[in-house]
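The block underneath contains the structure these notes are about, expressed in structure tokens.
Every number in this text was worked out from the coordinates using simple rules, so none of it is lab data. The model shown is predicted, which means the values in this text are computed figures rather than measured ones. Here the Cβ positions follow ideal geometry from the backbone for every residue, glycine too, while neighbour counts run over all protein chains shown.
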Amino acid sequence: MPPSIVRSALFVPGSRPERFAKALAAGADAVIVDFEDAVEEPLKRQARDNLAAFVQDNPSAALWVRVNAPDHAEHAADLVFCKQHSGVVGVLLPKVETPAHVAAVWETGKPVLPIIESAKGLLALASIAHAPGVERLSFGGLDLALDLNLNSGTQAAQMFLDQARMSVQLHSRGADLLPPLDGVHPAIGDPEGLHRAIRHAYDMGYGGALCIHPGQVPVIHAALAPSADDLSWAKRVVDASTAANGAGAFQLDGQMVDAPVLLRAKRLLALAAK
């Protein structure tokens with residue numbers, strides 16, 4: 001699958017090194033070693049040591065790291081770690097609220113994936129999305145709801161969060177970033193709810209989602225898989241384009257096919273490719 005397509009990004013706590021290899025074997029498109037929320041304060045430094053030992057023993061491993069927030073005492077040390085280790089191929093930046101936060105992470109030389117999870121971050125979306133080094137945005141709905149004092153689970157809260165999701169996707173496209181990732185679905189034993197949430201985010205232009213359990217990975221992939229009818233249509237569009245010798249527009253089944261339609265067909269085929 002092309003590296004730009006990330007349907008699932010699976011968190012694994014940095015304090016649980018026995019789970020690193022299992023996470024990499026779970027089938028997720030990306031694995032995130034978490035130095036932040038999943039790690040107790042006394043174990044923050046140990047989390048870095050755990051990952052250092054793992055990447056030394058597994059030099060082919062490619063991992064993302066969620067560092068501690070910019071105002072956390074371990075943030076600077078986390079960035080030094082990410083810069084030093086080639087096995088870290090991306091840095092998730094939580095609680096991002098300014099382009100200066102992004103700039104500090106970009107000093108590592110690794111792609112930056114800001115998580116928009118506060119009112120200040122949402123208000124600074126334009127400058128964050130256009131900051132150098134940003135590869136794609138992520139949406140942190142749980143923390144955003146807490147920051148805004150939303151009554152989670154209500155229609156009003158969902159409406160507000162969807163407007164925020166829309167803003168993240170809008171600014172992602174405006175900055176020519178890769179498709180954003182939706183936030184985690186906290187109910188591990190709710191595959192139906194996860195499936196609905198992923199389809200909802202996909203319909204809003206999201207490319208995938210963060211997740212917290214290996215069992216959520218196949219559910220996310222199934223939710224994002226194009227249907228057989230969609231794939232059949234996409235293949236016929238691409239084949240017809242080839243037969244049309246690169247014509248800017250042509251007809252297929254009485255419908256006009258132009259560049260945007262062809263691009264959608266190619267995206268569907270890429271999403272289905274393994």
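Data for the structure
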{"read-out": "Fully extended contour minus Cα-Cα distance, from GLN163 to ILE188, at 0.36 nm per residue", "value": "6.5 nm"}
{"read-out": "Cross-link reach list, lysines versus LYS95, counting only Cα pairs under 25 Å and skipping chain neighbours closer than eight places", "value": "LYS44, LYS83, LYS110, LYS120"}
{"read-out": "Peptides 47-60, 128-141, 202-215, 164-177 ordered by average Cβ neighbours within 10 Å, highest first", "value": "128-141, 202-215, 164-177, 47-60"}
{"read-out": "Fraction of the pair-distance distribution of region 61-190 above 26 Å, Cα-Cα pairs, percent", "value": "21"}
{"read-out": "Over the chain: Kirkwood hydrodynamic radius from C-alpha pairwise inverse distances, Å", "value": "19.7"}
{"read-out": "Theoretical FRET efficiency, 1/(1+(r/R0)^6), r = Cβ-Cβ of ARG45 and ALA103, R0 30 Å, to 0.05", "value": "0.75"}
{"read-out": "Charge dipole (region 229-274, unit charges on Cβ, about Cα centre) - positive-most of ALA240, PRO260, ALA272", "value": "ALA272"}
{"read-out": "Nearest-0.05 FRET efficiency for VAL80 and ASP258, computed from C-beta distance (R0 51 Å)", "value": "0.55"}
{"read-out": "Contact order normalised by residue count of the chain, Cα under 8 Å, 6+ apart, percent", "value": "15"}
{"read-out": "Mean residue ellipticity (222 nm) of the chain, computed from DSSP H runs ≥ 4 via -39,500 (n - 2.57), nearest 500", "value": "-13500 deg cm²/dmol"}
{"read-out": "Cβ charges +1 (Lys, Arg) and -1 (Asp, Glu), total dipole of the chain, debye", "value": "580"}
{"read-out": "Inter-probe distance in nm under a simple model that places probes 7 Å from Cα toward Cβ, at THR154 and ASP71", "value": "2.6"}
